[in-house]
Amino acid sequence: MTQADQNGKIVRLKPEPRIIPRDQHNISRSVISDNALKVLYRLKNAEYKAYLVGGGVRDILLGREPKDFDVVTNAKPEQIRELFRNCRLIGRRFRLAHVRFGDDVIEVSTFRAPHHVSDSKGEGHIEDGRIIRDNVYGDIDDDVWRRDFTINALFYNIEDFSIIDYVDGVKDLEAGQLRLIGDPAQRYIEDPVRMLRAVRFASKLGLRIHPGTEEPISEYAPLLKNIPPARLFEEISKLFMAGTALQTFESLRHFDLFKYLFPQTDYLLDTNEDNYPHTFIMHALKNTDQRLNEGSSVTPGFLLAAMLWEPMRVVADEHIAHGLPEMEAVQLAADTVISRQILTTAMPRRFTQMARDIWSLQVRLKRTGKRSFRVLMHPKFRAAYDFLLLRAQAGESVANLVDYWTQEQLNEPLAGKNKIKSGYYKPRPRRRPRSRKRNNKPDS
Ligand code: ATP
Ligand code: MG
């Protein structure tokens, strides 16, 4: 909606939102985490506006348990920091506050205003249509338009427990529809990661992507090439760790997005005549989903090993054909495919190391007999064994190895103690770990 202002300039009219009072929706305070409530109330008591927004509101309305809670306020980041001792300001592109309660983090952001060109202070910065920095502050009726999907733009007001809906988000939720706010092409140009988010939410929440939101994706997919590798890795983890990895993968392939995440794998999927790479990945993702849905843990390292298994093997086979021993060939191939992959997605080293371990253990798992014990004791043995199971499920002829290692684990439930007593295995003296910090450094 637009109208001419006093100077004859066309300005956007701020539409009135639909207010859904407490007795007409299912968000009660009992389903909001205590920590999110604490944050909302402290902001409110300090006379700021405070709303729950995003996934928290959306998921509760859908009858699901939210993964986390996001809060939005008119308090500026520095003012938020003054209110909370346990608060850290993060992000340059998008500055926001993390309020920490033990392991739980509540993300608190400040209302953003649109900025169509770069402002003089550089707080809002746009390059080739892409939002590089988004730190120009505004009010709720500015903020709502910069959000991605209508279902993510619902505000739960701690003042009177109502929901504020400017964009027909509740209607879309009821219709099971995922729809971008504004002009889809422009929204993808501003931030191409929204294409991945569309696939993620549609798969995870079982929603249909609105035709207008879906239509431009294939055309704009190549814009993902401009996304910093660290951000892409974050997005990939979310894509494949939501319990619907298999469907997400199919959808990413369908929209031609997958090749911007795993180019080496995508190339093989397209050029390989036999169906093995596809079958293998399907099994790996199905397995990931099963584990997540049973509440077991999943690590991105395992997923990485699965995604790059075929590319790694192709390179390793070339080295073997040139006469290199298998273990060396695999290690060299691992270096090659990982260094190519991190140009697209920068992963912490502990994940790339896990992939390397899983692959080299596949070679060691071939050697049965006397040295089994050392392999059983390897800290990544279990992951490597699970990987071997996947290979068998996908049709590789490794069933005899699976039987062998299954039996070995049954034979040796107390492997360490038995073997040490018999003098078979001499443990090395244990060194104290140098640092307890996790290896978060990106691989390079
Ligand atoms: P999840 O369940 O994955 O946390 P979410 O919708 O809460 O889903 P977040 O990444 O936590 O996603 O972001 C919180 C909110 O911030 C979103 O709901 C959306 O309103 C807004 N948002 C996040 N990323 C973008 C983006 N790239 N473009 C526009 N709005 C975004
Ligand atoms: Mg969230």
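The values are calculated or read from the model by the stated rules, or taken from the named source; none is laboratory data. If you're wondering where the values come from, they're calculated on a predicted model, not measured in any experiment. In this analysis, Cβ positions are derived from the backbone assuming ideal geometry, glycine residues included, and neighbour counts consider all displayed protein chains. Surface areas here come from the heavy atoms of the whole protein model, side chains and all, with no ligands, DNA or RNA. Shrake-Rupley method; radii C 1.70, N 1.55, O 1.52, S 1.80 Å.
Observations, loosely collected:
- ASN400/TYR267 FRET efficiency (R0 41 Å; Cβ-Cβ; nearest 0.05): 0.80
- A dipole drawn for the chain from +1 and -1 charges on Cβ atoms has a positive end, and of ALA50, ILE164, LEU223 the residue lying farthest that way is ALA50.
- Separation between Cα centres of the stretch 14-73 and the stretch 235-262, rounded to whole Å: 29
- Here r is the Cβ-Cβ distance between ILE19 and TYR41 and R0 is 25 Å; the resulting FRET efficiency, rounded to 0.05, is 0.75.
- Shown for the chain is the translational diffusion coefficient from the Stokes-Einstein equation, using the Kirkwood radius over Cα pairs, a temperature of 37 °C and a viscosity of 0.692 mPa s: 133 µm²/s.
- Average accessible area per residue (Å²) across the chain - probe 1.4 Å, nucleic acids and ligands excluded: 53
- Rounded to the nearest 20 debye, the dipole magnitude of the stretch 2-191 is 420 debye, with +1 charges on Lys and Arg beta carbons, -1 on Asp and Glu beta carbons, and the Cα centre as origin.
- A compact globular protein would have a Cα radius of gyration near 2.2 N^0.38 Å; the ratio found for the stretch 260-411 is 1.02.
- For the chain, share of DSSP beta bridges that run antiparallel, in % to the nearest 5: 85
- Cα-based shape type of the stretch 2-191, given that a ≥ b ≥ c are square roots of the gyration tensor eigenvalues and the cut on a/c is 1.5: oblate
- The value of relative contact order for the stretch 197-295, using C-alpha pairs under 8 Å at least six residues apart, is 33 percent.
- In terms of packing, defined here as the mean over residues of other Cβ atoms within 10 angstrom, the peptides 287-297, 54-64 line up highest first as 54-64, 287-297.
- Sparse packing (at most 16 other Cβ atoms within 10 Å of the Cβ) combined with a DSSP loop state is found for the following GluC sites (Glu not before Pro) in the stretch 16-111: GLU47.
- FRET efficiency estimate (nearest 0.05) - Cβ-Cβ, ASN293 to ASP142, R0 30 angstrom: 0.15
- Note on the stretch 134-284: Cα Rg divided by 2.2 N^0.38 Å, N the number of residues, gives 1.15.
- Near ILE338, once Lys and Arg are set to +1 and Asp and Glu to -1 for all other residues with Cβ below 9 Å from its Cβ, the sum equals 0.
- Set of aspartates and glutamates with alpha-carbon distance to LYS380 below 13 Å, sequence-local pairs under 8 removed: ASP357
- Residue pairs, from the table LYS204/LYS259; LYS171/LYS225; LYS204/LYS286; LYS38/LYS67; LYS67/LYS171, whose Cα atoms sit over 26 Å apart: LYS171/LYS225
- Farthest positive-ward along the stretch 43-151 dipole, Cα basis, beta-carbon charges - from HIS98, PRO114, VAL72: HIS98
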